[in-house]
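Q: One structure, pasted below without further comment.
What follows draws every value from the coordinates through simple rules; no lab data is involved. As the structure is a prediction and not an experimental result, all values here were calculated from the model. Don't worry about glycine lacking a Cβ; one is built from the backbone with ideal geometry, like all the others, and counts go over all protein chains shown.
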């Protein structure tokens, strides 16, 4: 069976995932020979009425119940993506610590059996934010070099993350489904964190930033582009370890392009990169049965990946982070079995394409 990932071909970041849309894709409504249309329905009705054959016997529905494998194959893109995303996000909780107006603002991403990610954002350090804005203003003079990337990456991240990989929609349809699911998970978790942190965008702080693309109205922190890019790079790195480092560097470049565009602070990407690594680790374990998080992130020793702005300038930037392993292991270990059910089926199909 060939499955084409059409529910979100644009790989859109910072927009609701199209797999949940109410409109139906043309292929979902199509007949065997052509797209759905009023003319086709009228012609089929006319052809049916031309026959006078006796009615066929009614089949007992109990004898037609499909096997689990058949049921999975018969799911349309929207329904399949809903079930995959639901299974991937099961047990992932985003919670705020303290009052909503408190400073610093603290939030945790918790998932049983995985490390806890704690993000701390202090809105009261004026000198820190002034430096963040000044860096963005200085980058305005270098936008021309990245203009094409900035514009295209508003809606397409995967063409860049998969650069150099021998994959495509027609040759690796199930991998495309997995990557869409990765982006859906990253979008969901990043959105919940954005609501909790509610950080104003750079142009709201200083008009001198002058962004060159539409600035999303929602919170700047954490970066959805960074989260989605690093999550996709983490999962792809588990499948193509020889290309892991270039993909991480590309994820960092995508993130920084949002700074050059003037729509994100650099600190937004620091948070998004670590969050993306964590979510990529969750997806790799649940779908592929591969552990890609470092031993130091084993929950038993209480590892916490934290960003604390009260300590002053961060000791890392997203480009430097992208050139390291981050919180990921250099190579994954296939020591765990993927969950039963839809994720195991997806994982088996993805591996069969490699």
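Q: What is the calculated FRET efficiency for residue 122 to residue 324, with r their C-beta to C-beta distance and R₀ = 25 Å, to the nearest 0.05? Could the numbers behind the result be given before it?
A: Values: r = 25 Å, r/R0 = 0.99.
Approximately 0.50, to the nearest 0.05.
Q: Further question on the same structure: For the range 210-263 and the range 163-191, what is the separation of their Cα centres, given in Å?
A: When both Cα centres are located, 14 Å separates them.
Q: How far apart, in nm, are two points set 7 Å out from the Cα along the Cα-to-Cβ line at residue 353 and at residue 138?
A: It works out to 4.3 nm between the two label points.
Q: Also: Post the alpha-carbon centroid distance, the range 270-293 to the range 47-82, in whole angstrom.
A: 38
Q: While we're on this one: Want the number for residue 156 to residue 214: 0.36 nm per residue separation, take away the alpha-carbon distance, what's left?
A: Values: separation 58, 0.36 × 58 = 20.88 nm, distance 1.53 nm.
Result for the pair: 19.4 nm of gain on full extension.
Q: Same structure again: Quick one: compute the contact order of the range 187-230, relative version, from alpha carbon pairs under 8 angstrom and 6+ residues apart, as a percent.
A: Working: 38 pairs, mean separation 23.3, N = 44.
Once normalised by length, the contact order is 53 percent.
Q: What's the FRET efficiency of residue 204 with residue 79 using the Cβ-Cβ distance as r and R₀ = 35 Å, to the nearest 0.05?
A: Values: r = 39 Å, r/R0 = 1.13.
Efficiency at R0 = 35 Å is approximately 0.35.
Q: Roughly how many nanometres apart are two label points built 7 Å out from the Cα toward the Cβ at residue 69 and residue 45?
A: Between residue 69 and residue 45, the simple spin-label model gives 4.1 nm.
Q: Can you tell me which of 60-69, 165-174 comes out highest on packing, and rank the rest after it, using the mean Cβ neighbours within 10 Å?
A: Per-residue Cβ counts within 10 Å, averaged per peptide and sorted highest first, yield 165-174, 60-69.
Q: Another question, if that's okay. Sort 148-157, 261-270 for me by packing, meaning the mean count of neighbouring Cβ atoms within 10 Å per residue, highest on top.
A: Values: 148-157: 17.2, 261-270: 26.3.
Averaged packing, sorted descending, gives the order 261-270, 148-157.
Q: Rounded, prolate or oblate: which fits the range 85-144, taking a ≥ b ≥ c as square roots of the Cα gyration tensor eigenvalues, rounded meaning a/c under 1.5, else prolate when a/b beats b/c? Could you put the intermediate results ahead of the total?
A: Details: a/c = 3.76, a/b = 1.67, b/c = 2.25.
Judged from the Cα gyration tensor, the range 85-144 comes out oblate (a/c at least 1.5, b/c at or above a/b).
Q: Okay, next question. Taking the number of other C-beta atoms within 10 Å as the exposure measure, put 204, 180, 192 in order starting with the fewest.
A: Going from sparsest to densest Cβ surroundings: 204, 192, 180.
Q: Another question, then. Within a 10 angstrom radius of the beta carbon, how do 219, 138, 37 rank from fewest other beta carbons to most? Intermediate results must be reported in sequence, preceding the final value.
A: Details: 219 20, 138 9, 37 12.
Listed from fewest to most nearby Cβ atoms, that is 138, 37, 219.
Q: Roughly how many nanometres apart are two label points built 7 Å out from the Cα toward the Cβ at residue 55 and residue 35?
A: 3.7
Q: While we're here: By how many nm would the segment from residue 93 to residue 165 lengthen if fully extended, with 0.36 nm per residue of separation less the alpha-carbon distance?
A: Numbers: separation 72, 0.36 × 72 = 25.92 nm, distance 3.30 nm.
Difference between extended and current length: 22.6 nm.
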